[in-house]
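A.B. asks: Before anything else, here's the structure in question.
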Amino acid sequence: MKLIDRLPTDHRPVVPLMGYPGVTAAGRKAKAALTEPVTHLECMTLLENRFRPDALFMIMDLTVEAEALGLDVTFETDGPPSVVSHPIDDAAKLAALKVPDPRRSGRMPLFLEVAASLKGKLSGMLGAYCIGPFTLAAELAGPEDLAIKTITDPDFAKSAVDFSAEVGRAYATALVRAGADVVAILEPTAVMLSPATFEQFCAEPLARLGATVRSEGGCPVLHICGDSTHLFGPMATCGMDGLSLDHPVDLAKAFEAVGPGTVVIGNVDPVGVMMEGDPQSVRKASGILIERFGDLPNYVLGTGCDLPGETPLENIDALMAMREAAGA
Amino acid sequence: MEDDLLTGIKAGVVAGRLGGMGDMTRAALDTGVPAADIMSLGLIEAMSIVGEKFEKKEYFVPEVLVSARAMHESMDVLRPLLEASGVEPLARVTMGTVKGDLHDIGKDIVSIVLTGAGFEVQSLGADVPSEKFVEAAAGGAGVVGMSSLLTTTRPRMAEVIRLLEERGLRDGVKVIIGGAAVTEGFANEIGADGYGADAAQAVRLVKSLLGIQ
């Protein structure tokens with residue numbers, strides 16, 4: 001079933017990306033939540049009990065796949081972890097990599113275990129994350145080097161993105177089999193590409209990854225951070241069930257690009273409003289979105305990007321309260 | 001002939017032609033074109049065009065990075081000559097991503113566009129200890145630019161400003177910030193001189209802070 005057919009009909013769907021506020025609320029460290037299944041689950045349970053979102057996403061981690069491929073990861077900041085260095089800089093090193101088995105590679109098993117534990121226990125859908133092929137290729141080769149190689153060594157860039165899509169397909173398959181209803185494919189690094197470069201390197205691998213999620217019975221959603229307006233055309237051709245978009249974009253243009261069968265999720269400013277603001281500013285920002293898009297059956301109110309751990313829970317309460325707001 | 005070589009260098013940078021920029025630069029020097037002219041009429045004008053194309057969304061990050069690499073091939077030949085002749089840039093800007101944060105590209109694009117606007121940019125890279133920004137200010141940077149993409153690292157920006165104040169350096173330097181983890185409001189809160197949402201805004205901000213144009 002496509003995402004649009006799984007949305008609730010008795011209220012307006014609201015889906016904040018709030019893993020890190022859950023870590024803070026549980027009084028835990030990001031490293032503990034991303035290395036200990038029981039701690040991750042504790043944060044998820046807290047978020048479910050307080051907010052009962054229409055989809056509860058696990059804690060975002062863009063290093064899982066790279067780490068499973070042998071790259072070093074740091075948890076230094078107590079926020080989202082980062083890949084330390086990007087050693088896969090030539091075709092020979094790339095060719096030496098193997099698609100990891102998600103059941104026994106790095107921290108992939110943690111996310112599978114948490115998904116399995118949450119399956120069937122949530123009021124809404126269970127959401128998982130999987131890194132996008134271009135973004136993983138950038139973690140492997142270095143974002144600047146990969147960007148340059150899209151021009152100077154397109155064969156390498158293409159091979160790196162294709163391989164990364166295969167890593168994503170294996171992991172996303174396992175996530176859906178473990179219990180994820182929705183898989184958000186995180187492709188932030190692709191925001192820097194021209195539409196033509198996106199078409200050349202990203203569109204087909206993303207479509208392949210999305211098709212795999214769907215064939216397993218999950219709903220693929222594509223998330224790109226920042227101002228992705230110039231990519232709406234090619235993003236709409238990737239066969240996703242939904243696009244999750246960041247606060248600098250005008251969602252009206254996304255609705256024009258995707259048509260009525262594709263869900264558009266967004267896009268309250270995660271830092272300027274959700275973290276720095278108060279419940280009143282959250283009501284105001286989300287009220288504007290609801291006024292503009294609230295009548296569209298393929299609209300889901302959400303945050304433009306992953307919420308920082310410092311986001312006050314009352315601000316998330318204010319966002320969730322928009323479920324029952326006028327017009328729902 | 002001299003004009004052809006300068007035009008060629010400029011076109012080579014705009015088009016991001018890698019591999020031959022050093023030879024072209026040496027050929028221009030051999031025919032008597034001063035290094036300072038190659039810098040200002042060739043490289044800076046080229047990067048200014050690249051910056052305009054980026055703002056108009058004709059160029060995107062990969063195209064800008066390749067042009068910058070072409071510029072550096074030429075700069076590597078010119079640098080020793082320029083240093084010997086004491087040519088002054090508009091001002092020196094120090095750019096870096098704060099400690100704990102490994103995101104490079106955003107501030108690198110800002111650096112490239114600032115270079116195209118005639119500034120000398122010193123890049124400290126990513127994961128930069130606060131002390132390094134302070135050293136740059138002590139060493140004569142007119143502007144210190146800091147980037148943060150993770151809200152957990154943005155308190156470092158306030159720390160740098162506090163250190164600049166403690167060392168008596170704050171009045172001599174403009175502090176600008178950018179990146180997905182920060183906002184105009186945060187810039188005001190920590191006492192930065194300005195916030196730029198993108199590279200074009202950052203250039204306008206630096207110019208206005210320094211009273212240029």
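The values are calculated or read from the model by the stated rules, or taken from the named source; none is laboratory data. Just so it is clear, the model here is predicted, and its values are computed rather than measured. Using ideal geometry, Cβ is built from the backbone for each residue, glycine included, and neighbour counts are taken over all protein chains shown.
A.B. asks: Just one of the numbered conditions (1) assigned to a helix (DSSP H, G or I); (2) in contact (Cβ under 8 Å) with a residue 60 or more places away in the chain is not true of A:A318; which one?
C.D. replies: Single failed check for A:A318: (2).
A.B. asks: Check B:A117, B:A187 and return the single one that is among the small types (G, A, S) and either at pLDDT 95 or above or closer than 30 Å to A:D306 by Cα (or both). Give the steps one after another, and end with the answer.
C.D. replies: Working: B:A117 fails: either at pLDDT 95 or above or closer than 30 Å to A:D306 by Cα (or both).
Answer to the check: B:A187.
A.B. asks: Ok, one more. Please tell me if B:E189 is within 14 Å of chain A (Cβ to nearest Cβ), surrounded by fewer than 17 Cβ atoms within 10 Å (Cβ to Cβ) and out of contact with any strand residue (DSSP E or B) (no Cβ under 9 Å at 6 or more places or on another chain). Even if it seems obvious, please write down each step before you answer.
C.D. replies: Values: within 14 Å of chain A (Cβ to nearest Cβ): yes; surrounded by fewer than 17 Cβ atoms within 10 Å (Cβ to Cβ): yes; out of contact with any strand residue (DSSP E or B) (no Cβ under 9 Å at 6 or more places or on another chain): yes.
Considered against the rule, which asks whether it is within 14 Å of chain A (Cβ to nearest Cβ), surrounded by fewer than 17 Cβ atoms within 10 Å (Cβ to Cβ) and out of contact with any strand residue (DSSP E or B) (no Cβ under 9 Å at 6 or more places or on another chain), B:E189 comes out as yes.
A.B. asks: Just wondering, is there one or more residues in the stretch A:188-199 that are buried (at least 24 other Cβ atoms within 10 Å of the Cβ) and over 23 Å from B:E58 (Cβ atoms)?
C.D. replies: Within the stretch A:188-199, not a single residue is buried (at least 24 other Cβ atoms within 10 Å of the Cβ) and over 23 Å from B:E58 (Cβ atoms).
A.B. asks: In the stretch B:68-89, is there at least one residue being more than 9 Å from chain A (Cβ to nearest Cβ) and in contact with a strand residue (DSSP E or B) (Cβ under 8 Å, 6 or more places away or on another chain)? Outline the logic, then answer.
C.D. replies: Step one: of the stretch B:68-89, the residues more than 9 Å from chain A (Cβ to nearest Cβ) are B:68, B:70-89.
From what's left, in contact with a strand residue (DSSP E or B) (Cβ under 8 Å, 6 or more places away or on another chain): B:89.
Yes, the stretch B:68-89 has at least one match.
A.B. asks: Considering the stretch A:249-271 alone, what residues qualify as being within 30 Å of A:T212 (Cβ to Cβ), assigned to a loop (DSSP other than H, G, I, E, B) and within 14 Å of chain B (Cβ to nearest Cβ)?
C.D. replies: A:V249, the sole residue that qualifies.
A.B. asks: Filter the stretch A:170-187 down to the residues that are touching a strand residue (DSSP E or B) at 6+ places or on another chain (Cβ under 9 Å) and in a helix (DSSP H, G or I), then identify the one that is surrounded by the fewest Cβ atoms within 10 Å (Cβ to Cβ).
C.D. replies: A:A178
A.B. asks: Also: So is A:V213 within 24 Å of A:M1 (Cβ to Cβ) and in contact with a strand residue (DSSP E or B) (Cβ under 9 Å, 6 or more places away or on another chain) or not?
C.D. replies: Values: within 24 Å of A:M1 (Cβ to Cβ): yes; in contact with a strand residue (DSSP E or B) (Cβ under 9 Å, 6 or more places away or on another chain): yes.
For A:V213, the condition - within 24 Å of A:M1 (Cβ to Cβ) and in contact with a strand residue (DSSP E or B) (Cβ under 9 Å, 6 or more places away or on another chain) - is met.
A.B. asks: Of everything in the stretch A:76-111, what is on the phi < 0 side of the Ramachandran plot, at the interface with another protein chain (Cβ under 10 Å from one of its Cβ atoms) and charged (D, E, K, R)? Give them in sequence order.
C.D. replies: The answer is A:E76, and nothing else.
A.B. asks: Quickly run through the stretch B:95-132 and pick out the residues that are more than 10 Å from every other protein chain (Cβ to nearest Cβ) and of a type in the set (D, E, K, R).
C.D. replies: Selection gives B:K107, B:E120, B:E131, B:K132.
A.B. asks: Based on this model, can you work out whether A:M274 counts as touching a residue at least 12 places away in the same chain (Cβ under 8 Å), aliphatic (A, V, I, L, M) and either surrounded by fewer than 20 Cβ atoms within 10 Å (Cβ to Cβ) or part of a loop (DSSP other than H, G, I, E, B) (or both)?
C.D. replies: On the way: touching a residue at least 12 places away in the same chain (Cβ under 8 Å): yes; aliphatic (A, V, I, L, M): yes; either surrounded by fewer than 20 Cβ atoms within 10 Å (Cβ to Cβ) or part of a loop (DSSP other than H, G, I, E, B) (or both): no.
Here the answer is no, as A:M274 does not meet what is asked.
A.B. asks: Another one. Go through A:V176, A:V161, A:V182 for me and flag whichever is among the β-branched types (V, I, T) and within 14 Å of chain B (Cβ to nearest Cβ).
C.D. replies: Values: A:V176 fails: within 14 Å of chain B (Cβ to nearest Cβ); A:V182 fails: within 14 Å of chain B (Cβ to nearest Cβ).
Only one candidate passes the filter, namely A:V161.
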